[in-house]
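Below is one structure, written out as structure tokens; the observations come after it.
The values are calculated or read from the model by the stated rules, or taken from the named source; none is laboratory data. Small disclaimer: the values here were computed from a predicted structure and weren't measured. Because the Cβ atoms are built from the backbone with ideal geometry, glycine has one as well, and the counts that use them run over all protein chains shown. Please note that ligands, DNA and RNA were not included when accessible areas were found on the heavy atoms of the full protein model with its side chains. Shrake-Rupley method; radii C 1.70, N 1.55, O 1.52, S 1.80 Å.
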Amino acid sequence: MTKPRHDFFSTGLNESDPEIGQAIASELNRQYDQIELIASENFVSRAVLQAQGSILTNKTVEGYPGARYYGGAEFADRVEQLAIDRACRLFNCRYANVQPHSGSNANQAAFLALLGYGDTILSMDVAAGGHISHGHPATQTGRRYRIASYGVSREDECIDYADVRRLAQAHRPKLIIAGGSAYSRIIDFPYLKKIADEVGAYLLVDMAHFAGLVATGYYPDPFPHAHVVTTTTYKSLRGARGGLILTNDETIARKIAAAVFPGVQGSLLLHAIAGKAVCLGEALQPEFKSYNAQVLANARILAEGLAKAGYRIVSGQTDTGLMLVDLTAKGLDGARVVAALEKAGLTCNKNLIPFDPLPAETASGIRLSANAGTTRGFGTSEFAQIAGWIAEVLDGLAGNAGHAAVQARFREQVSALCRAFPIYPES
């Protein structure tokens with residue numbers, strides 16, 4: 001029998017695979033040196049990194065705690081049960097499934113548990129701020145279910161609840177979805193539950209972009225109105241990448257368990273569940289409430305600064321950590337702006353705005369978030385400065401006069417600010 005090489009368990013990444021080691025080191029330098037404004041990103045703690053990069057990577061586990069298909073699961077059960085208990089405590093619910101690999105997987109499992117193929121889903125249109133996993137025609141959801149889409153009103157760019165009710169009565173959906181990826185305002189969960197009850201539908205809330213605010217009381221709680229709540233564990237929860245499914249209904253919880261495994265997933269990612277457990281434990285600490293209060297304050301300062309500079313905030317303001325910025329008044333598009341801001345050290349993403357005349361590949365807006373910057377330690381003064389930098393870079397791009405020099409100048413200032421608020425300083 002061939003014995004394993006003695007250095008297999010001791011040789012580090014940089015020695016065994018310098019190409020990947022260098023790529024990771026370069027990404028770490030990028031994160032050190034750029035200001036992250038992407039709403040679907042955040043920084044995790046050193047503890048989350050250690051849990052997710054741990055020897056739990058080696059363990060294969062299928063099933064649920066106490067009912068596994070593989071032996072040696074004593075400590076795996078302990079890890080998963082801690083994640084479950086912490087999720088239930090954080091969101092004050094009875095049942096939590098912590099196994100979904102992502103938010104989209106969590107949604108797919110919820111749909112499988114609640115619906116039959118061909119059933120109707122009423123969800124927010126992607127063009128109005130919805131998420132692609134809620135029914136975009138290119139996704140499994142869009143192909144397997146009949147999708148009816150609601151949007152926002154032209155007057156205030158907020159959800160048109162009268163239209164939601166009209167569509168629900170016309171299409172009689174089996175499921176209504178609230179939440180999206182680019183909608184920044186408070187959602188009226190009680191009224192959506194009333195609509196769902198009128199047509200005999202389930203209500204699912206996808207709170208991926210405001211879960212941290214829900215956990216700390218800064219955003220309305222989807223329970224008791226929602227039958228099912230899904231979320232990711234990064235973004236506003238600033239934790240390991242992955243998804244959760246929550247419910248207070250025992251029958252639905254059993255259906256969801258079967259839908260996750262073996263319905264849409266096989267073996268769970270135990271190392272990722274350990275990372276989720278750690279971040280959920282962090283979110284139960286008093287500091288997490290202070291963090292979310294600061295996220296809201298920073299987001300509002302960022303929105304106000306951009307608005308004063310002539311860049312319209314979609315719907316006029318934000319109730320969460322994210323916002324959409326309309327670029328049309330300055331003759332800009334999202335693709336050009338994202339490239340220009342990145343050269344200045346500011347990372348964001350292009351995004352459709354409601355009733356956007358441009359395609360998604362170009363888009364008329366950008367989506368910004370205060371989540372990652374707040375984790376880094378930025379306060380309102382730093383976000384006021386960031387708003388000024390963004391506005392000047394965009395003004396230079398719109399005027400097409402010396403914009404490269406503007407980007408280079410702010411790149412140095414961004415780097416200086418990042419050095420003043422280091423991440424993982426001992427790395």
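Taking the range 363-384 as the range and being farther than 22 Å from Thr328 by Cα and part of a loop (DSSP other than H, G, I, E, B) as the test, the residues that pass are Ala370, Gly377, Phe378, Gly379. Out of curiosity, is Gly118 modelled with pLDDT of 95 or more and closer than 21 Å to Arg172 by Cβ? Yes: the conditions hold for Gly118. Figure legend. Inter-residue proximity from the range 49-78: first residues closer than 15 Å to Leu269 by Cβ, second residues of a type in the set (Lys, Arg), beta-carbon distance below 7 Å, spacing 6+ or different chains. Indicated pairs: Val61/Arg68; Glu62/Arg68; Ala76/Lys59.
The listed residues are Ala398, Ala404, Ala391, and the only one of them that is open to solvent by 60 Å² or more (accessible area, probe 1.4 Å), more than 20 Å from Tyr32 (Cα to Cα) and in a helix (DSSP H, G or I) turns out to be Ala404. Taking the range 101-217 and the helices (runs of 4 or more DSSP H) fully enclosed by it, the elements with 1 or more residues that are in contact (Cβ under 8 Å) with a residue 40 or more places away in the chain, within 25 Å of Asn351 (Cα to Cα) and touching a Phe, Trp or Tyr at 6+ places or on another chain (Cβ under 6 Å) are at 161-171, 211-215.
Filter the helices (runs of 4 or more DSSP H) completely within the range 1-84 down to those with at least 1 residues that are open to solvent by less than 40 Å² (accessible area, probe 1.4 Å). Show your work before the answer.
Numbers: elements: 13-16, 18-33, 46-52.
The helices (runs of 4 or more DSSP H) meeting that bar are 18-33, 46-52.
Taken over the range 248-305, residues that are in contact (Cβ under 8 Å) with a residue 40 or more places away in the chain and polar (S, T, N, Q) amount to 6.
A search for C-beta distances below 8 Å between a residue of the range 344-362 that is on the phi > 0 side of the Ramachandran plot and any residue that is open to solvent by less than 30 Å² (accessible area, probe 1.4 Å) and of a type in the set (Phe, Trp, Tyr), counting only pairs 6+ apart in sequence or on different chains, returns Gly345/Phe410. Within the range 140-172, being of a type in the set (Gly, Ala, Ser) and open to solvent by 40 Å² or more (accessible area, probe 1.4 Å) holds for Ser149, Ala162, Ala170. Based on this model, can you work out whether Gln413 counts as in contact (Cβ under 8 Å) with a residue 12 or more places away in the chain, closer than 25 Å to Tyr218 by Cα and open to solvent by 60 Å² or more (accessible area, probe 1.4 Å)? Judged against the criteria, Gln413 is not a match. Quick one: is Leu192 touching a strand residue (DSSP E or B) at 6+ places or on another chain (Cβ under 9 Å) and either more than 30 Å from Gln285 (Cα to Cα) or surrounded by fewer than 17 Cβ atoms within 10 Å (Cβ to Cβ) (or both)? For Leu192, the condition - touching a strand residue (DSSP E or B) at 6+ places or on another chain (Cβ under 9 Å) and either more than 30 Å from Gln285 (Cα to Cα) or surrounded by fewer than 17 Cβ atoms within 10 Å (Cβ to Cβ) (or both) - is met. For the range 146-161, the set of residues classified as touching a Ser or Thr at 6+ places or on another chain (Cβ under 9 Å) and either over 21 Å from Val228 (Cα atoms) or not hydroxyl-bearing (Ser, Thr, Tyr) (or both) consists of Arg146, Ile147, Ala148, Val152, Asp156, Glu157, Cys158, Ile159, Asp160, listed by residue number.
Summed over the range 85-98, the residues that are part of a strand (DSSP E or B) and open to solvent by 40 Å² or more (accessible area, probe 1.4 Å) give a count of 1.
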